[in-house]
Amino acid sequence: MATQEIKVSTSRIGALIGKGGSTKREIEERTGITLLIDSEEGLVKIEGDDPVGVMTATNVVAAIGRGFSPERAFKLLDDEDMILDLIDLTDMAETTRHLERLRGRIIGKSGTSRAQIEDMTGTEISVYGKTVAIIGPPEQVEIARKAVEMLIQGVPHENVYNFLDRKKKEARQAMLEYYS
């Protein structure tokens, strides 16, 4: 029996359980594990006989806990190549105001910056609390992570978009060469 424990913000427990327990049930059914949720403490215990199922369920629970909707987090179930990456902003922001500024730079006006990074890398990004979470294929997550890190370091948005555009062109070129 494999077991994992993960702490989820109590404000995200509702999203994890879902209407009438639907989200919890779907995670359990699709991974063959059992979720034991302590909604008071925000502690989630993930148990199962299949270590891969436990690992996958842990990532889905972590993704929902980091602000992803269950639908977006389920991408980790739909495709085994998808990974979850977390960037902790705690060490990068000295004050709450600085943290807000960093989050603002990553999200952009009306979410445009985050949407642009998602669009150009084919990833899903959630900025929640003191973390930035990214779901996608490993090489795309790496590029999205680099873009987020550039924004955190204060690189102008335009330069970040140029970097993403260059990466997209390189990937397209590599694909063309691979198939020709």
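Measuring between their Cα centroids, the range 1-68 and the range 110-130 lie 24 Å from each other. Among the GluC sites (Glu not before Pro) found in the range 1-71, those both in a DSSP coil and sparsely packed, with 13 or fewer other Cβ atoms within 10 Å of their Cβ, are Glu40, Glu41.
Taking label points 7 Å from Cα along the Cα-to-Cβ direction, Lys168 and Asp78 give a separation of 2.0 nm. Using a Debye calculation, one point per C-alpha and no hydration shell, please list log10 I(q)/I(0) for the chain at q = 0.11, 0.14 Å⁻¹ in order. Reported log10 I(q)/I(0), two decimals: -0.53, -0.80.
Relative contact order of the chain: 17 percent, from C-alpha pairs under 8 Å at least 6 residues apart in sequence. For the range 1-67, the Kirkwood estimate of hydrodynamic radius, built from reciprocal distances between every pair of different alpha carbons, is 11.4 Å.
Gain on full extension, evaluated as 0.36 nm per residue between Leu176 and Lys19 minus their Cα-Cα distance, stands at 52.0 nm.
Loop-located chymotrypsin sites (Phe, Trp or Tyr not before Pro) in the range 60-169 (DSSP state other than H, G, I, E, B) with a sparse environment of at most 15 neighbouring Cβ atoms within 10 Å are absent. For the range 29-34, putting each phi into the Karplus relation 6.51 cos²θ - 1.76 cosθ + 1.60 with θ = phi - 60° gives couplings of 5, 7, 10, x, 10, 10 Hz, in residue order, rounded to whole numbers and with x for Gly and Pro.
Pairs of C-alpha atoms in the range 115-180 farther apart than 13 Å represent 64 percent of all such pairs.
Here each label is just a point 7 Å from Cα along the line to Cβ, and for Gln116 and Asn159 those points are 1.4 nm apart.
Values quoted throughout were computed directly from the atomic coordinates according to the rules given, and no laboratory measurement underlies them. What you are looking at is a predicted structure, and each value in this text was computed from that prediction instead of being measured. Counting neighbours? That spans all protein chains shown, and the Cβs are built from the backbone with ideal geometry, glycine included.
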